[in-house]
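Here's the structure, in structure tokens; my notes come after.
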Amino acid sequence: MRFSPAGDPGVPDDRSATRYLIWLAGRQKLMFGAGILLGVVWMVAQALMPAAVGRAVDGLSRRDDGALLTWALVLLGLGVLQAVAGVLRHQCAVRNWLAAAYRTVQLTVTAANRLGAALPRQVATGEVVSIGTSDINQIGHAVDITARGTGALVAIVTVAVILLDASVPLGLVVVLGVPVLMAVVGLLIRPLHRQQHAYRDAEGKLTTRAGDIVSGLRVLRGVGGEPVLSARYQAESQALRAHGVRVARVESLLEAAQVLLPGAFLVLVTWLAARFALDGRISPGQLVAFYGYTAFLVSPLRQLTEAVDKLTRGHVAARRVVRLLQLTPELVDPPRPATVPDGPGELVDVESGVRLPAGRFTAIAAAVPEDAVAIVDRLGRYVDSDATLHGVPLRELPLATVRERILVADNDAQLFTGPLLAELDPHDRGDRAALDAALRAASATDIVEALPDGLDSRVAERGREFSGGQQQRLRLARALVAAPETLLLVEPTSAVDAHTEARIAAGLGAARAGRTTVVCTTSPLLLGHADNVIFVEDGKVVAEGSHAHLYDSEPRYRATVSRGES
């Protein structure tokens, strides 16, 4: 069986989640099968112990030393078998848990990479985080519990057969009582399933809210919106807490049932067996065995109820994972990919009329910044369009080829945790000369020099130890180190001071000599160093030329770059 994540988008049905769990188990057929087999041996060995004890007691009552010694040795053998099988079963269980959990992580990361820029538009960040922190645990437990649950079921059947052979009435009590107990537990499972599903939805939304607040904390403090967002988050977290209490209420009833029902069953069977022994219908050894069976049955019954609980939780988690895996990317590779010549080529956005000559430093100044972003999205093929490279439509090229040759660097890019050197050189090329040149061009050498360990210093989550301007310069340096054939920069100096911006503007063209570079900006400092400036209004090219020429001859351009009014 092969699980394919390329299904139709939308909420998967229960069958899809079940198929996913089966598929995970099938990925570890040998280890999964060994876990079930060892679980059966482990539980059956325990189930046979009361029978051995009963036979030994009967031998003792008959003063049969040979029978006593024989059954004592059998009991010892069962104990050794149980211990060995238990150790090996636990090892298999841990391996199965890890395989299921981290296979889910791999699939989730693969799906996120496949969706690319479409991921934030199709699924909330909190959903992905919850899969990696909560759902993988539930899925791992669902695969792990299968071995113990199967062993418990086989042990109950074994005990029922032995009891029916010794006493039909007592055997029937066990055979009929176990399904009744499971049915009672089943009444609690369905509402628990619904509550867990709703709780998981609310948890994902709250995680997304927390991520949004943390990422925008500086802005919130600047505009005074922190108290409003804090109050909103507090209200939502309290609602989640109340929802969690409702889930815990049902879970507590299930836990209580796991103790109360098997305990009541134990009392009933022990009382019946004692009555039968007093009437002479069973021997003293059989009475001891019956008591041992009923005491033993508490364990497999709890194992079964635990199995139902964890399989339910795993099913809820699997639905979330399958929902993510079934999302389809907005852009896909063409069935018959085209090829383009090597080296920089003219990049054209047909919709706006922007034409970018190969190997030149071009600036795009838009009256509305969103128009420039839309042009870059089309030129970088983050949306479907008629844009071309070397005269070949980008939609006819493999996405990997487009990403390799055209790099879009905007201010939504993040700095990741780890050594700064690895962050600035993600391809691990090890070219320190190129790295130093990129840092100089981005005017970021002072940032590295101020760090205690220089490039070996570790970057915290999202680079929070750096200011907004420092993060922007480091992101620019990273883009320059990548040295793509075509580099599209969106407002690369919006968060730096004028002196720093002037240094970047002076060095950017030289750092990208011979390669195509596009900067979307309305900063006169950057525009003045561009080989060519394209002015865009209402999404269309309305003027083109040098910064000085456009500033003197185009009033709308002058009003845009001088922040004045036309």
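What region 334-403 shows is 44 Å² of accessible area per residue, with the surface traced by a 1.4 Å probe over protein heavy atoms.
Taking 0.36 nm per residue of separation and subtracting the Cα-Cα distance, full extension of the segment from S562 to R503 would add 19.2 nm.
Here is the list for region 46-119: trypsin sites (Lys or Arg not before Pro) lying in DSSP coil, each with at most 10 other C-beta atoms within 10 angstrom of its C-beta, are R63. Taking θ as phi - 60° and the Karplus parameters 6.51, -1.76 and 1.60, the scalar couplings of region 434-439 work out to 5, 5, 4, 5, 5, 5 Hz in sequence order, x denoting glycine and proline. Recomputing Rg/Rh (Cα atoms, Kirkwood Rh) from the coordinates shown identifies the correct label among [x] 0.96; [y] 1.18; [z] 1.30 as [y]. The simple spin-label model puts a point 7 Å past each Cα toward its Cβ; for D333 and D446 those points are separated by 4.6 nm. Using a 1.4 angstrom probe on heavy atoms only, work out the carbon and sulfur share of the accessible area of the chain in %. With neighbouring chains kept in place, the figure for the chain is 59 percent. Between A72 and K29, the modelled labels are 4.8 nm apart [label points 7 Å from Cα along Cα→Cβ].
With contacts defined as alpha carbon pairs under 8 Å and 6 or more residues apart, what's the relative contact order of the chain in percent? Reported relative contact order: 16 percent.
Other residues with beta-carbon under 9 Å from the beta-carbon of I145 carry, at +1 per Lys or Arg and -1 per Asp or Glu, a net charge of -1. Karplus-based coupling profile of region 142-151, in residue order and whole Hz: 5, 6, 5, 5, 4, 5, 5, x, 5, x, with θ = phi - 60° in 6.51 cos²θ - 1.76 cosθ + 1.60 and x standing for Gly or Pro. If R0 is 25 Å, the Cβ-Cβ spacing of A548 and A510 corresponds to a FRET efficiency of close to 0.80. For region 331-359 versus region 105-123, the spacing of their alpha-carbon centroids is 25 Å.
The values are calculated or read from the model by the stated rules, or taken from the named source; none is laboratory data. Computed from a prediction, not measured in an experiment: that's the story for all the values here. Quick reminder, even Gly has a Cβ in these numbers, built from the backbone with ideal geometry, and neighbours come from all protein chains shown. These area figures cover heavy atoms from the full protein model, side chains too; ligands, DNA and RNA do not enter into them. Shrake-Rupley method; radii C 1.70, N 1.55, O 1.52, S 1.80 Å.
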